[in-house]
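Notes follow the structure.
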Amino acid sequence: MILRYSKEEMRKIWEDQNKFKIWFEIEAYACDAQAELGVIPKEALKDIWEKGNVEFDIDRILEIEKEVKHDVIAFLTHLGEHVGENSRFIHQGMTSSDIIDTCFSVQLTQATDILLKDLERVLLALKTRAEEHKYTITIGRSHGIHAEPTTFGIKLAGYYAEFKRNKERLIQARKEIAICAISGAIGTFANVDPYVEKYVAEKLGLEIEPVSTQVIPRDRHAVYFSTLAVIASSIERLATEIRHLQRTEVREASEFFSKGQKGSSAMPHKKNPILTENLTGLARIVRSAVVPALENVALWHERDISHSSVERMIAPDSTATLNFALNRLAGVIEKMIVYPENMKKNLYDLGGLHNSQRFLLALTQAGCSREIAYRIVQRNAMKVWEENLNFIDLLKEDKDVTDNMTHKEIEDAFNDDYHMKHVDTIFKRAFD
């Protein structure tokens, strides 16, 4: 997690001060429950809550950790320095993972709530621009080659539907990860009553892990980081589309180029798609967390710590990078420059070839077999490719065509409104 590609709100979630604050709350809520059960005296709670709920001295905790080589013990020792004698009632029957894993769940849910807001911004931007270009006709491409017309609004509506699915996935992933486990050294509640886990979970807005070992099972985390990776891939798909549309030979849409911006240190004419190229790279970083997260699932027996170092890196990096990328993507969409005239120019660049299927169907309706109709249309289409001729003119001159269709019927097959007749249906499906 570096400053260049992270935002302050997300960074704060992964700072030590926030982590220790959550650790304290877990311990203090657990003490509340233990007091209700009669395990610790209720009088101790006042000291724990009032003296322990402080701004923690990070340097002091790290100093203790250097000696004890254990982060939770270092924290508890520092906490004891504040609370005093009643600190002996803290961490009754609990193990380090009860604190670390439950805190990790809280941090991930905090991060996810930010990401969900980011997705809302992306969705709003896509919907706004899709409505703006609902009927802006453009060529659709398959394999990078002109296919049939669509509208730029339909393109954006497709991305809206994809990011809407991503939002639903992330909501489910949040549910998957919002888990509390306070079950003791090996998950059997031998020294801590299950009521403590239930109480702390309710206070923190978490669900309980039905069967934990010493840790929350890492299949949950694998699902979570995989979900982030899918969202990153959707970001890259849209970024790649904009990059293609900004190419000099295409110029149908482009990133906003601000006053004073420079595209190249060598060539003053350059307007490069730097933001969407950057998004492509950021998506790779988010996806890189998936394999380590999957490998974390297979821990030894009831627990080892091979997952720990991985999660200390991939959790801040993935959530911060995705947070940054979603906001950058939203900005790109909001300010994107669209060139409808270039879209029309490119649409007709091949002399009307985009109507080849429409005309093929018209010939079959006129009495030709599909095989013969295909051969007739393809024969003329190849001349357009190779000799830069006009498709409709060639068809009007082809006796095999005119034996079956009048010039008026040929022209009717080249009405582009034909391709746009179901735009409203698509928009209704996407946005209703």
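Take the residues in region 243-259 that are open to solvent by less than 80 Å² (accessible area, probe 1.4 Å) and assigned to a loop (DSSP other than H, G, I, E, B); name whichever of them is farthest from I333 (Cα to Cα). Residue satisfying both the conditions and the ranking: V250.
What do you reckon, is K408 within 30 Å of Q246 (Cα to Cα) and either in contact with a Leu (Cβ under 8 Å, 6 or more places away or on another chain) or basic (K, R) (or both)? Taking the combined requirement at face value, the residue does not satisfy it.
Restricting to region 162-195, give me the number of residues that are farther than 29 Å from D349 by Cβ and either part of a helix (DSSP H, G or I) or under 16 Å from the mean Cα position of the chain (by Cα) (or both).
Residues in region 162-195 being farther than 29 Å from D349 by Cβ and either part of a helix (DSSP H, G or I) or under 16 Å from the mean Cα position of the chain (by Cα) (or both): 17 in total.
Selection of region 1-34 for residues being among the small types (G, A, S) and modelled with pLDDT of 95 or more yields A28, A30, A33. Between a residue in region 235-251 that is free of Cβ contacts under 8 Å to residues at least 40 places away in the same chain and any residue that is open to solvent by less than 40 Å² (accessible area, probe 1.4 Å), which pairs come within a Cβ distance under 6 Å, given they are 6 or more apart or on different chains? Close Cβ pairs (under 6 Å, with a partner that is open to solvent by less than 40 Å² (accessible area, probe 1.4 Å)) amount to R243/P273; R243/T276; L245/E252; L245/A253; Q246/S254; Q246/P273.
Evaluating V83 against the criteria (1) open to solvent by 10 Å² or more (accessible area, probe 1.4 Å); (2) over 37 Å from the mean Cα position of the chain (by Cα); (3) more than 30 Å from S6 (Cβ to Cβ) leaves one unmet condition, (1). If you filter region 116-142 down to residues that are surrounded by fewer than 16 Cβ atoms within 10 Å (Cβ to Cβ) and among the hydrophobic types (A, V, I, L, M, F, W, C), you find that the one that is farthest from the chain's Cα centre (by Cα) is L124.
Within region 143-160, the set of residues being of a type in the set (A, V, I, L, M, F, W, C), open to solvent by 30 Å² or more (accessible area, probe 1.4 Å) and either assigned to a helix (DSSP H, G or I) or free of Cβ contacts under 8 Å to residues at least 12 places away in the same chain (or both) comprises I145, I154. Of the helices (runs of 4 or more DSSP H) lying entirely inside region 303-406, those containing at least 1 residues that are within 30 Å of S212 (Cβ to Cβ) and either open to solvent by less than 20 Å² (accessible area, probe 1.4 Å) or of a type in the set (S, T, N, Q) (or both) span 306-335.
Only one of the numbered conditions (1) surrounded by fewer than 20 Cβ atoms within 10 Å (Cβ to Cβ); (2) touching a Lys or Arg at 6+ places or on another chain (Cβ under 9 Å); (3) not hydrophobic (A, V, I, L, M, F, W, C) is not met by S97, and that is (1).
From K271, K262, which residue is surrounded by fewer than 21 Cβ atoms within 10 Å (Cβ to Cβ), at negative phi and in contact with a Ser or Thr (Cβ under 9 Å, 6 or more places away or on another chain)? Just one listed residue meets the conditions, K271.
Check whether at least one residue in region 13-23 is in contact (Cβ under 8 Å) with a residue 12 or more places away in the chain, open to solvent by less than 80 Å² (accessible area, probe 1.4 Å), of a type in the set (V, I, T) and not in a helix (DSSP H, G or I), and report yes or no.
The answer is no; no qualifying residue exists.
Per the listing E411, E334, the residue uniquely in contact with a Lys or Arg (Cβ under 9 Å, 6 or more places away or on another chain) and modelled with pLDDT under 95 is E411. Count of region 46-72 residues, restricted to those that are under 20 Å from A30 (Cβ atoms) and either in a loop (DSSP other than H, G, I, E, B) or open to solvent by 30 Å² or more (accessible area, probe 1.4 Å) (or both), is 9. On inspection, E120 fails the criterion of being farther than 30 Å from N342 by Cβ, without any contact (Cβ under 8 Å) to a residue 12 or more places away in the chain and in a helix (DSSP H, G or I).
The values are calculated or read from the model by the stated rules, or taken from the named source; none is laboratory data. Remember, predicted model here, so these are calculated numbers, not experimental data. Don't worry about glycine lacking a Cβ; one is built from the backbone with ideal geometry, like all the others, and counts go over all protein chains shown. When the accessible area is computed, the model is the full protein with side chains, heavy atoms only, and any ligands, DNA or RNA have been set aside. Shrake-Rupley method; radii C 1.70, N 1.55, O 1.52, S 1.80 Å.
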